[in-house]
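Peer 1: Provided herewith is a single structure, encoded as structure tokens, for subsequent inquiry.
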Amino acid sequence: MMQDYNFEEYLRKSLSNSISSQNPSETAKNKARKLSPSYYRDLKEKLLIEYEDKSLKDIMDCKISTSSFGDVLKITKREKINFNIEDNNFKHQINNNLKLLPKIGLKTEQNLKNKGFDTIESLRNHDRYGDSASKFLENLDELSFCEIMDLLDSNRYSKKCRDNVIKSISLTDKENFKFMDIETKGLSNVPIILIGVAEIKGNSIQASQYFLRDYTEEANIIDAYLSHLDEDSIHVTFNGKTFDVPFIKNRCRYNRIDANLDLPHLDLMYFAKNLWGEKLPNCQLQTIEKELFGIKRIGDVPGQYIPGYYDTYLEENNIGPVVPIIEHNAQDIISLASFLDKMYRDVN
């Protein structure tokens, strides 16, 4: 009887999470509302009323700064963060990855280790792999972080060795990470309306966001973002390898901006799937925030509604519809730093 009761209780709770059930739960009702276009129409109207006659300067830390292309609105947010990449002697650890040598794959590595060749160092006197092992070790101390990332990324077994890419970040300064995210008017060949970049400054993280006040300023905000980059910079994104960076490159060409965006790139979406994929319902950014960091967003606007919200901002000259977009972007880039810090601790 107890078993039947438990099943019935389970069935009742499961059905209550469906909006089509006779007695849907509040969770189901809220989820249904947030999937409805009318919910976001109503939200937009509320934002227009709430922020009528207000400017972004009234509610955010922002100022007009100047890029080489002209004036740009810069929004700044600073928070304390525990971002501690302790030294893990990675160049010593890399000595255990025999697959970094040419013609050594997973099976060959295991066979070599079964014979006592546990490190690249131990292969120096190996008949077949001795020369390549010696050459690799001679160059290892001279390799920069960027060169080691290239080495790990170009390895055909890198998908099975992604932990090593995360471990390698101990070889660079934390100030070099550029946690970046963009918001756009659509998926291709349309303007960028917001670029956010967060940087570690001592025990804090500082988010700098460049907002497109009107379409004439796109080159200005792109150039302002580029001013944060130098030869040591590392892009850190979530799906930025396939979307954000190619999108910025395309808009640079459109605006005739000469920029080098071919920087080392840590796209945390792939590492999240590798490290946490089996623990989570999915590996979306906001799922990770909620499940692993206890962050639950309120009043967020999904990407498909952003173009319409931005249009309303321009038409009504009212900042209300863009406030949640700016807040969403800031949370994204700040969360990326927490993700990377946790990933580093998990793999070490």
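Peer 1: For the stretch 286-312, enumerate the residues that are outside any loop (DSSP other than H, G, I, E, B) and either touching a strand residue (DSSP E or B) at 6+ places or on another chain (Cβ under 9 Å) or exposed (fewer than 14 other Cβ atoms within 10 Å of the Cβ) (or both). First the steps, then the outcome.
Peer 2: Within the stretch 286-312, the first condition is being outside any loop (DSSP other than H, G, I, E, B), and the residues that meet it are 286-293, 303-312.
Answer for the stretch 286-312, where residues must be outside any loop (DSSP other than H, G, I, E, B) and either touching a strand residue (DSSP E or B) at 6+ places or on another chain (Cβ under 9 Å) or exposed (fewer than 14 other Cβ atoms within 10 Å of the Cβ) (or both): F293, G303, Q304, I306, P307, Y310, D311.
Peer 1: Continuing with this model, one more query. Which one of K57, K63, K46, K74 is part of a helix (DSSP H, G or I) and touching a strand residue (DSSP E or B) at 6+ places or on another chain (Cβ under 9 Å)? Write out each step before concluding.
Peer 2: Numbers: K63 fails: part of a helix (DSSP H, G or I); K46 fails: touching a strand residue (DSSP E or B) at 6+ places or on another chain (Cβ under 9 Å); K74 fails: part of a helix (DSSP H, G or I).
Matching residue, one of K57, K63, K46, K74: K57.
Peer 1: Now a separate question. Checking the condition assigned to a helix (DSSP H, G or I) and either not hydroxyl-bearing (S, T, Y) or not assigned by TED's automatic domain parsing to the domain that holds G240 (or both), which residue from L336, L280 passes?
Peer 2: Details: L280 fails: assigned to a helix (DSSP H, G or I).
Checking each option against the conditions leaves just L336.
Peer 1: Between a first residue in the stretch 41-64 that is not assigned by TED's automatic domain parsing to the domain that holds E316 and a second residue that is part of a strand (DSSP E or B) and acidic (D, E), which pairs have beta carbons less than 6 Å apart while being 6 or more apart in sequence or on different chains?
Peer 2: If the second residue must be part of a strand (DSSP E or B) and acidic (D, E), no pairs are left.
Peer 1: Sort out for me the strands (runs of 3 or more DSSP E) sitting completely within the stretch 124-236 that have 2 or more residues that are among the hydroxyl-bearing types (S, T, Y) and within 18 Å of the chain's Cα centre (by Cα).
Peer 2: Details: elements: 177-184, 192-201, 204-211.
Where strands (runs of 3 or more DSSP E) fall fully within the stretch 124-236 and carry at least 2 residues being among the hydroxyl-bearing types (S, T, Y) and within 18 Å of the chain's Cα centre (by Cα), they are 204-211.
Peer 1: Just for the stretch 313-348: of the residues that are hydroxyl-bearing (S, T, Y) and closer than 30 Å to N88 by Cα, which one is surrounded by the most Cβ atoms within 10 Å (Cβ to Cβ)? If you could, list the steps in order and put the result at the bottom.
Peer 2: First, pick out the residues of the stretch 313-348 that are hydroxyl-bearing (S, T, Y): 313, 335, 338, 344.
Subset that is closer than 30 Å to N88 by Cα: 335, 338, 344.
Working: S335: 22, S338: 19, Y344: 19.
Looking at residues that are hydroxyl-bearing (S, T, Y) and closer than 30 Å to N88 by Cα, I get S335.
Peer 1: Being crowded, with 24+ Cβ neighbours inside 10 Å, in contact (Cβ under 8 Å) with a residue 24 or more places away in the chain and closer than 18 Å to L261 by Cβ is true for just one of A219, A224. Which residue is that? Spell out how you get there, then give the answer.
Peer 2: Values: A219 fails: crowded, with 24+ Cβ neighbours inside 10 Å.
Answer to the check: A224.
Peer 1: Out of all the residues in the stretch 286-312, which are more than 19 Å from the chain's Cα centre (by Cα) and farther than 15 Å from N329 by Cα?
Peer 2: Result: G308, D311, T312.
The values are calculated or read from the model by the stated rules, or taken from the named source; none is laboratory data. Nothing here was measured: the structure is a model prediction, and the numbers come from that model. A quick note on method: Cβ atoms are made from the backbone with ideal geometry, for glycine too, and the neighbour counts reach across all protein chains shown.
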